[in-house]
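The values are calculated or read from the model by the stated rules, or taken from the named source; none is laboratory data. Because the structure is a prediction, the values reported are computed rather than measured. Positions of Cβ are backbone-derived with ideal geometry, glycine not excepted, and every protein chain shown enters the neighbour counts. Accessible surface is based on the protein model in full, side chains and every heavy atom, while ligands, DNA and RNA are left aside. Shrake-Rupley method; radii C 1.70, N 1.55, O 1.52, S 1.80 Å.
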Amino acid sequence: MYMYILKRLGLALLVAFTVSAISFSLLFMAGDPAIAIAGENASAEDIQMVNDRYGFDRPIVIQYFEWLGKAATGDLGNSWYFDLPVSDLIADRLGVTMLLGLLGMSFALLLAIPMGVAAAVKPNSLIDRASLFISVVGQAIPSFWFGLILIVVFSIKLGLVPASGSTSWKHFILPTIVLGYYATPAIMRLTRAGMLEVLSADYIRTARAKGLSARKIMFKHALRNAIIPVISLAAVQMGFMLGGSIVVESIFALHGAGFLAWESISRNDLPTMQALILIFSMFYIFFTFLADILNAWMDPRLRIA
Amino acid sequence: MSDTSLTSASAKKPDAVSKKGKTPAHQLSPRAKMLRRALRHKGLLFGLFVMSIIVIVAIFAPLIATHDPYAQSLLARMKPPAFMGGTWEHPLGTDALGRDYLARLVYGARISLLIGLIAATISACIGTFMGVMAGYFGGRIDLLVTFFINVRLAMPVVLVALAVVALFGGSLYVVVSVLGLLLWDRFAVVMRAATMQVRKLEYVAAAQVLGASLPRVLFKDILPNVMNHLIVIFTLEMAHAIILEAALSFLGLGVQPPTPSWGLMISEGKEMLLFESWLITIPGVALFFLVLSINMLGDGIRDVTAPEGRN
């Protein structure tokens, strides 16, 4: 098991390293950052001044390793727009995004797992069809549009919840639904498929033959096994969801890291952009790593691979 | 996410049951059987029907739209659609700049379809190449490709796409290229697995023994047998690219105004959210039906081409 964790950790670090290199060079390819700071019509002296201060005229590899070295110690540079350390900016905003991610995932799991189980217990029943309908429709609704429709109905027409901001718990209701529904179809499908497979297994027939109650079979024997792949999918989806929070946060003006990303992108704030891309990919890498470990822990057969 | 059982709920029983007056299923060629399955698959037919309508509308946009999608009119701003008390002069009303909403909607279909098709084609080329290589050769190449897939998955798509569009400028080309270069991961994953399966089959070994060249084995023996997976992923990624383009344009960093993109229309309508919600409803519903039809088409093709995958 330790060997397995070590291997996975090494791979995760390598991926993180590559992603950081790609995102760094990507943003540098777009043009000379010195001109971006000094402005289109800047004189040669102005550009020279910017270069003296930030060192943009040095080879990109050197700049990258310098940035990486600083990033490793928590120094992500200064934001060009806010003129504050990027690490402080992000630390301020990350809480909201993580809270939103957790709420969204809880929403998705609470909706998807019961629906998936119910659908598998009675295939082709009304609830099976309903869950199929939800997942087909859910995958086709663009989340930004879904969010706007919810605002129109629940904030404007009914006046039940505030439309934007992040000051009270009420502000999180609609964003949670929008972010959570995104992960629901996949989790529901997997729960249903897993339950169908497990329910036809021999040991379930044995349990039935022994005369165990349907309830006990369902929860103690079937769901426990069917849920294993669902948990790792949920972890992976969590990584995706945090990356997708930029859309949800900008619709509802929730001041989280996603909103900060949108602000920094629309203002060409390169250091903040770079740091956020790095952090969101770290989240994804962390969650997939977690999923691998959880999987191996719950299913010893995987540890050999 | 690669389960086939979901659609099985609506999928038909294998074609053993034949209706009166029709040729029994066992006398049909595999191709005819597939066609028969397709004609009985409601989801597939629905998807095909809706998508055909949208494609026809996009192709014949100049004939359908009675106005220029770019022509502004200060006198005809925010006219409601005909079904909400407006006139038939502007069947779907006008936007805040007085542009005919129907014209913008039908020309917008062109943008969505174009972006979806081109982006998915770019991704399909990259992903299929990587996946087939990894699946066929295995070993180090497989490790390398798997690593690339991991790296790609770790990059937050929306964030990276937004950043690139912001830095390189929001032209149609930039948006299409970014999406094409970002969405190849599923192609690679599925093609890799499918190739690995096919590669083990005896006829591939037979072709190799007969001295077939590598390109011949890849193109004549491997590729045709993983084609159905390729088509299914192509539809999924096309839908994905269309939604992403709309999201980027919605956030202001995709296709730029005054291009009639559905995402952009929703973004412009957002300003009027309080008063005129149809401005976001109309392009949103269009987007929803386009994506829904493509997804249903893809799911249907999967069911029809791989009946053994159903339970």
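Answer with yes or no whether residue A:250 is facing chain B (nearest Cβ under 8 Å), out of contact with any strand residue (DSSP E or B) (no Cβ under 9 Å at 6 or more places or on another chain) and assigned to a helix (DSSP H, G or I). Yes, satisfied. Contact map, segment A:66-77: residues that are exposed (fewer than 14 other Cβ atoms within 10 Å of the Cβ) paired with residues that are in a loop (DSSP other than H, G, I, E, B) and among the charged types (D, E, K, R), Cβ distance under 6 Å, separation 6+ or inter-chain. No pairs are found. Taken over segment A:196-220, residues that are within 23 Å of residue A:127 (Cβ to Cβ) and either open to solvent by 50 Å² or more (accessible area, probe 1.4 Å) or not in a helix (DSSP H, G or I) (or both) amount to 10. In segment B:94-174, counting only helices (runs of 4 or more DSSP H) that sit wholly within it, the ones holding 1 or more residues that are among the hydrophobic types (A, V, I, L, M, F, W, C), within 14 Å of chain A (Cβ to nearest Cβ) and open to solvent by 30 Å² or more (accessible area, probe 1.4 Å) span B:139-154, B:157-168.
Listed here are the residues, each with its yes/no results for (1) surrounded by fewer than 24 Cβ atoms within 10 Å (Cβ to Cβ); (2) modelled with pLDDT of 85 or more.
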residue: A:224; (1), (2): yes, no
residue: A:227; (1), (2): yes, no
residue: A:240; (1), (2): yes, no
residue: A:245; (1), (2): no, yes
residue: A:260; (1), (2): no, yes
residue: A:263; (1), (2): yes, yes
residue: A:266; (1), (2): yes, no
residue: A:271; (1), (2): yes, no
residue: A:276; (1), (2): no, yes
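Quick check: anything in segment B:54-67 under 18 Å from the mean Cα position of the chain (by Cα), modelled with pLDDT of 90 or more and closer than 21 Å to residue B:232 by Cα? Yes, there is a match, as at least one residue in segment B:54-67 is under 18 Å from the mean Cα position of the chain (by Cα), modelled with pLDDT of 90 or more and closer than 21 Å to residue B:232 by Cα. Note on segment A:116-129: residues that are hydrophobic (A, V, I, L, M, F, W, C), within 12 Å of another protein chain (Cβ to nearest Cβ) and either open to solvent by 60 Å² or more (accessible area, probe 1.4 Å) or within 23 Å of the chain's Cα centre (by Cα) (or both) total 2. Remark: residue A:191 falls outside the filter, which requires a residue to be touching a Leu at 6+ places or on another chain (Cβ under 7 Å), polar (S, T, N, Q) and closer than 20 Å to residue A:223 by Cβ.
Listed here are the residues, each with its yes/no results for (1) within 30 Å of the chain's Cα centre (by Cα); (2) within 19 Å of residue B:278 (Cα to Cα); (3) of a type in the set (Asp, Glu).
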residue	(1), (2), (3)
B:77	no, yes, no
B:81	yes, yes, no
B:84	no, yes, no
B:106	yes, yes, no
B:113	yes, no, no
B:117	yes, no, no
B:136	yes, no, no
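Of all residues in segment A:171-206, those that are closer than 24 Å to residue A:96 by Cβ and either more than 14 Å from chain B (Cβ to nearest Cβ) or without any contact (Cβ under 8 Å) to a residue 12 or more places away in the chain (or both) total 7. Reported count of residues in segment A:270-305, each being in contact with a Phe, Trp or Tyr (Cβ under 8 Å, 6 or more places away or on another chain) and at the interface with another protein chain (Cβ under 10 Å from one of its Cβ atoms), is 3.
State whether one or more residues within segment A:174-195 are surrounded by 18 or more Cβ atoms within 10 Å (Cβ to Cβ), under 21 Å from the mean Cα position of the chain (by Cα), at pLDDT below 85 and of a type outside the set (Asp, Glu). The answer is yes, given that some residue of segment A:174-195 is surrounded by 18 or more Cβ atoms within 10 Å (Cβ to Cβ), under 21 Å from the mean Cα position of the chain (by Cα), at pLDDT below 85 and of a type outside the set (Asp, Glu). Cβ separations smaller than 6 Å between residues 6+ apart or across chains give no pair from segment A:213-227 residues that are within 22 Å of residue A:294 (Cα to Cα) to residues that are open to solvent by 50 Å² or more (accessible area, probe 1.4 Å). Mind checking whether some residue in segment A:274-282 is over 25 Å from residue A:92 (Cα atoms) and of a type in the set (S, T, N, Q)? No, there is no match, as no residue in segment A:274-282 is over 25 Å from residue A:92 (Cα atoms) and of a type in the set (S, T, N, Q).
Condition check ((1) under 21 Å from residue A:262 (Cβ atoms); (2) more than 9 Å from every other protein chain (Cβ to nearest Cβ)) across all residues:
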| position | (1), (2) |
| --- | --- |
| B:252 | yes, no |
| B:260 | no, yes |
| B:264 | yes, yes |
| B:270 | yes, no |
| B:279 | no, yes |
| B:287 | yes, no |
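Taken over segment A:143-161, the criterion of being more than 14 Å from chain B (Cβ to nearest Cβ) and either of a type in the set (S, T, N, Q) or in contact with a His (Cβ under 9 Å, 6 or more places away or on another chain) (or both) is satisfied by A:161 alone. Taking the conditions (1) closer than 30 Å to residue A:151 by Cα; (2) within 10 Å of chain A (Cβ to nearest Cβ) in turn, residue B:299 satisfies each one other than (1). Looking at segment B:138-154, can you tell me whether even one residue there is aromatic (Phe, Trp, Tyr) and more than 23 Å from residue A:240 (Cα to Cα)? Among the residues of segment B:138-154, not one is aromatic (Phe, Trp, Tyr) and more than 23 Å from residue A:240 (Cα to Cα), which makes the answer no. How do the pairs read when you match residues in segment B:144-160 that are within 17 Å of residue B:179 (Cα to Cα) with residues anywhere that are of a type in the set (S, T, N, Q) and surrounded by fewer than 20 Cβ atoms within 10 Å (Cβ to Cβ), using Cβ under 6 Å and keeping only pairs 6 or more apart or on different chains? Note: pairs meeting the criteria are B:151/A:18.
Among the residues making up segment B:175-188, those that are more than 14 Å from chain A (Cβ to nearest Cβ) and either among the small types (Gly, Ala, Ser) or part of a helix (DSSP H, G or I) (or both) are B:175, B:176, B:179, B:180, B:187, B:188. Residues B:242, B:294, B:231: which one is in a helix (DSSP H, G or I), in contact (Cβ under 8 Å) with a residue 60 or more places away in the chain and open to solvent by 20 Å² or more (accessible area, probe 1.4 Å)? When all the criteria are applied, what remains is B:231. Of the residues in segment A:293-300, none is under 12 Å from the mean Cα position of the chain (by Cα), among the polar types (S, T, N, Q) and either in a helix (DSSP H, G or I) or surrounded by 24 or more Cβ atoms within 10 Å (Cβ to Cβ) (or both).
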